[in-house]
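Take a look at the structure below.
No lab work stands behind these numbers, since they all come straight from the coordinates. If you're wondering where the values come from, they're calculated on a predicted model, not measured in any experiment. All Cβ positions, glycine included, derive from the backbone under ideal geometry; neighbour counts span all protein chains shown.
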Amino acid sequence: MSSLSYRQTFALVLKRDLTIAFRHKDEMLNPLLFFIIVVTLFPLGIGPQANTLAKIAPGIIWVSALLATLLSLDRLFKADHNDGSLEQMLISPQPLFIFTLAKITAHWLLTGLPLILVAPILAALLYLPEQSYSALFLTLLLGTPVLSFMGAIGAALTVGVKKGGVLLSLIVLPLYIPVLIFATSAIDTASLNLPYNGQLAIIAALFFGSLTLAPFAVGAALKVSTN
Amino acid sequence: MSNSSPLVQAEHLTCVREDRILFDQLSFAINAGDIVQVEGPNGAGKTSLLRLLAGLSQPYEGSISYLGKSIVQYAEQYHQDLLYLGHMPGVKAELSAQENLAFDLAISGGDSSLAEDTLAKVNLLGFEDVTASHLSAGQHRRIALARLWQSNAKVWILDEPFTAIDKQGVAALEQLFVEHAQNGGCVILTTHQDLALPENMVKKITLAYRLF
């Protein structure tokens, strides 16, 4: 009777999460707005010198992307935990990693993808050199899913904690540092017209590592924190 | 019932919460056709017992088996035959009644197109397209309980299913429990109300509040 394929389960959960998000537009736009506001504040604070801004542009964009993701993580499992759907997920005959994979994918589609789409406009604002745009795009494309996947582990661990926000940041931010270092380094290298394949390969490794391992870790963490 | 091995069997269960022993060395067997009411004052561990039985948390000591197999080792098999409704009904406030039920049915391998008809059974006809945030607590619970009408699961574990449900609704549910039990299933529930069911059908597990 229960012959749902993994693909069907994934699609069902993904569709539900996206539907819920689109009915909660303010929450959905929050991380994106935060990202845009933080990045646009920098030229105002530092001054409009093209040299300075171009130099710190990769760092500003990536740090803002990181904080914007962090801002949205808290809600990843919170609502499910509060209304009881998390329990239903845990006792479903479908494997738990499909649920977590679908939820994390939805999270990336709602927070990571919009960041990638607006990043070029913000980069123009910061005078990012032309030759760095492809590096910016590629690092964000490979890097923002890593932020969602690793962040989900922290979110799952703190889902049972009443005010877990601070704890969540402390758990997750150290995990984000490698992505930040290699992504900004790749963009910097690209601005000097040098190959940045090495940094990109490391981010790609982080991406595939977290894609394959994080859903299981998140499942285990959810079980622990609801026990 | 001519079943030799019980449907669900608990052996020497001990549950500890916040350094307090809720119950210890609790053993019981639930056969097909049983309706089991877990009784006890608030804080006696009724919900904890149901969560243990659903496999949502692990006992401090002891084991639970389903058809003679440990529910930890054979979790997937057990969860196919299990329907658990906890304290919170698991209804998404942003989705309509029908969307909620359709998802629940689909994810448990059922036919989601039956959602609309099933809502009629719990008196929610006319509310299908209303987002759940506009519905009452009782209606939320009805959405969750509607799954029972389409369920193939053998073991039903229901935590306070009658909360916020009106008298007619309770009667309809009790009728459903009897049918389910007669079809070879079992129902494990907590409630502070007296069940209007024949005495010989209902078993009781009574938990006492312990201070130490």
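Helices (runs of 4 or more DSSP H) fully within segment A:1-107 that include at least 1 residues being away from chain B (no Cβ under 14 Å): A:25-46, A:50-73, A:75-83, A:96-107. Remark: B:Glu61 matches the filter, which requires a residue to be away from chain A (no Cβ under 11 Å), out of contact with any Lys or Arg (no Cβ under 9 Å at 6 or more places or on another chain) and charged (D, E, K, R). Looking only at segment A:206-227, filter to residues that are within 14 Å of chain B (Cβ to nearest Cβ) and not hydrophobic (A, V, I, L, M, F, W, C); which one of those is surrounded by the fewest Cβ atoms within 10 Å (Cβ to Cβ)? Once the filter is applied, the top-ranked residue is A:Asn227.
The rows are residues; the columns are (1) farther than 30 Å from A:Lys15 by Cβ; (2) assigned to a helix (DSSP H, G or I); (3) away from chain A (no Cβ under 14 Å); (4) over 18 Å from the mean Cα position of the chain (by Cα).
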{"site": "B:Val72", "(1), (2), (3), (4)": "yes, no, no, yes"}
{"site": "B:Glu76", "(1), (2), (3), (4)": "no, yes, no, no"}
{"site": "B:His79", "(1), (2), (3), (4)": "no, yes, no, no"}
{"site": "B:Gly90", "(1), (2), (3), (4)": "no, no, no, no"}
{"site": "B:Ala93", "(1), (2), (3), (4)": "no, no, no, yes"}
{"site": "B:Ala106", "(1), (2), (3), (4)": "no, yes, no, yes"}
{"site": "B:Glu128", "(1), (2), (3), (4)": "no, no, yes, yes"}
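Candidates in segment B:108-126 are the residues that are surrounded by fewer than 20 Cβ atoms within 10 Å (Cβ to Cβ) and not in a helix (DSSP H, G or I); of these, the one that is nearest to the other protein chains (Cβ to nearest Cβ) is B:Gly109.
Okay, residues lined up against (1) under 19 Å from A:Pro215 (Cα atoms); (2) in a helix (DSSP H, G or I); (3) touching a strand residue (DSSP E or B) at 6+ places or on another chain (Cβ under 7 Å):
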residue	(1), (2), (3)
A:Leu138	no, yes, no
A:Leu142	yes, yes, no
A:Ser148	yes, yes, no
A:Gly160	yes, no, no
A:Leu167	no, yes, no
A:Ile177	no, yes, no
A:Leu180	no, yes, no
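For segment B:95-104, taking the residues that are closer than 19 Å to A:Gln94 by Cα and within 8 Å of another protein chain (Cβ to nearest Cβ), the one that is surrounded by the most Cβ atoms within 10 Å (Cβ to Cβ) is identified as B:Asp104.
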